[in-house]
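Engineer: Here it is, the structure, as structure tokens.
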Amino acid sequence: MAERRFVLAITGGSGVSYGRRLLECLARTGAVVHLVVSEAGQKVINHELQIPLDLADGPGVIR
């Protein structure tokens, strides 16, 4: 069976809780998930989910 691969983008809308849940569900299946987060998305994650996400210099950061 082919490996399942997904790209999940968080862009700053207030639906980040749905994105988080989708990421958790996909990860449990063993799927490969690439996460793309905009600067606005990072702020919403910090505010709504209280997750201190700092992607300024992380691996795979492209500006």
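The values are calculated or read from the model by the stated rules, or taken from the named source; none is laboratory data. From a predicted model like this one, the values you see are computed outputs, not experimental measurements. Cβ: placed from backbone, ideal geometry, glycine included. Neighbour counts: every protein chain shown.
Engineer: Those residues that are surrounded by 12 or more Cβ atoms within 10 Å (Cβ to Cβ) and closer than 17 Å to R5 by Cβ, I need them from segment 28-41; list them, please.
Structural biologist: If the condition is that a residue be surrounded by 12 or more Cβ atoms within 10 Å (Cβ to Cβ) and closer than 17 Å to R5 by Cβ, then A31, V33, L35, V36 are the ones that fit.
Engineer: Among the numbered criteria (1) in contact with a strand residue (DSSP E or B) (Cβ under 8 Å, 6 or more places away or on another chain); (2) over 20 Å from A56 (Cβ atoms); (3) surrounded by 10 or more Cβ atoms within 10 Å (Cβ to Cβ), which one does V16 miss?
Structural biologist: With respect to (1) in contact with a strand residue (DSSP E or B) (Cβ under 8 Å, 6 or more places away or on another chain); (2) over 20 Å from A56 (Cβ atoms); (3) surrounded by 10 or more Cβ atoms within 10 Å (Cβ to Cβ), V16 is out only on (2).
Engineer: Pairs please, first residue from segment 1-21 and under 15 Å from Q42 (Cβ atoms) and among the polar types (S, T, N, Q), second anywhere and assigned to a loop (DSSP other than H, G, I, E, B) and modelled with pLDDT under 95, Cβ atoms under 7 Å, 6+ apart in sequence or on different chains.
Structural biologist: These pairs meet every condition: T11/S38.
Let's see how each residue does on (1) aliphatic (A, V, I, L, M); (2) in a strand (DSSP E or B); (3) at pLDDT 90 or above:
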{"position": "A9", "(1), (2), (3)": "yes, yes, yes"}
{"position": "G12", "(1), (2), (3)": "no, no, no"}
{"position": "R21", "(1), (2), (3)": "no, no, yes"}
{"position": "L26", "(1), (2), (3)": "yes, no, yes"}
{"position": "D54", "(1), (2), (3)": "no, no, no"}
{"position": "R63", "(1), (2), (3)": "no, no, no"}
